[in-house]
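Here is the structure we will look at, set down as structure tokens.
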Amino acid sequence: MTDIASQTMPLCNSADLAEGGRAVPFDVVYAGQTCRAFAIRFEGQPQAYLNRCTHVAMEMDFQPDQFFDGSGRWLLCATHGAAYAPDTGECAGGPCRGGLVKINLSEANGVVHWHTAYNLKPFEFLD
Ligand code: FES
């Protein structure tokens, strides 16, 4: 679906996202609320999600910016162990109720951008 109002916002340098490594946090306004979000790299592709577990609406990282489990295969919620697929955000196990809210990214010339959507706005748009 094309969103004619979509904008691209600079997020980080490509080199900041190591495969299976620490996330890069950023803030968004989702459905009118300021939310934390994070970007990771998995199987070479940058991915980003709201940092909000679908079990209880809590941030998921136990150590700041660490979401991958020890295998680098899953994104884990530190609170009760919900597991999410890093490439889609879908629930892969544990008490999650549905998948993470995905944020579209693009990567070009060594820079990663995130894309706004009708319910997803840049933080600085708030007064
Ligand atoms: S809050 Fe994430 S698993 Fe319960």
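The values are calculated or read from the model by the stated rules, or taken from the named source; none is laboratory data. Keep in mind that this is a model prediction, so the values were computed, not measured. Backbone-built Cβ (ideal geometry, glycine too); neighbour counts: all protein chains shown.
You will find that of ARG41, ARG52, the residue that is over 19 Å from PHE123 (Cα atoms), modelled with pLDDT of 95 or more, crowded, with 18+ Cβ neighbours inside 10 Å and in contact with a strand residue (DSSP E or B) (Cβ under 8 Å, 6 or more places away or on another chain) is ARG41 and no other. Listed by first and then second residue, the pairs with beta-carbon distance under 9 Å, at least 6 apart or on different chains, first residue in the range 71-96 and near the ligand (Cβ under 6 Å from one of its atoms), second basic (Lys, Arg), are ALA82/ARG97. Pull out all pairs, ordered by first then second residue, where Cβ-Cβ is under 7 Å, the residues are six or more apart or on different chains, the first lies in the range 34-61 and is without any contact (Cβ under 8 Å) to a residue 24 or more places away in the chain and within 14 Å of ARG22 (Cβ to Cβ), and the second is assigned to a loop (DSSP other than H, G, I, E, B) and near the ligand (Cβ under 9 Å from one of its atoms). Here the result reads MET60/CYS53; MET60/CYS77; MET60/ALA78, each pair linking the range 34-61 to a residue that is assigned to a loop (DSSP other than H, G, I, E, B) and near the ligand (Cβ under 9 Å from one of its atoms). Just checking, does the range 100-121 include any residue being over 27 Å from SER6 (Cβ atoms), touching a Gly at 6+ places or on another chain (Cβ under 8 Å), within 16 Å of the ligand (Cβ to nearest atom) and part of a loop (DSSP other than H, G, I, E, B)? No, the range 100-121 has no match at all.
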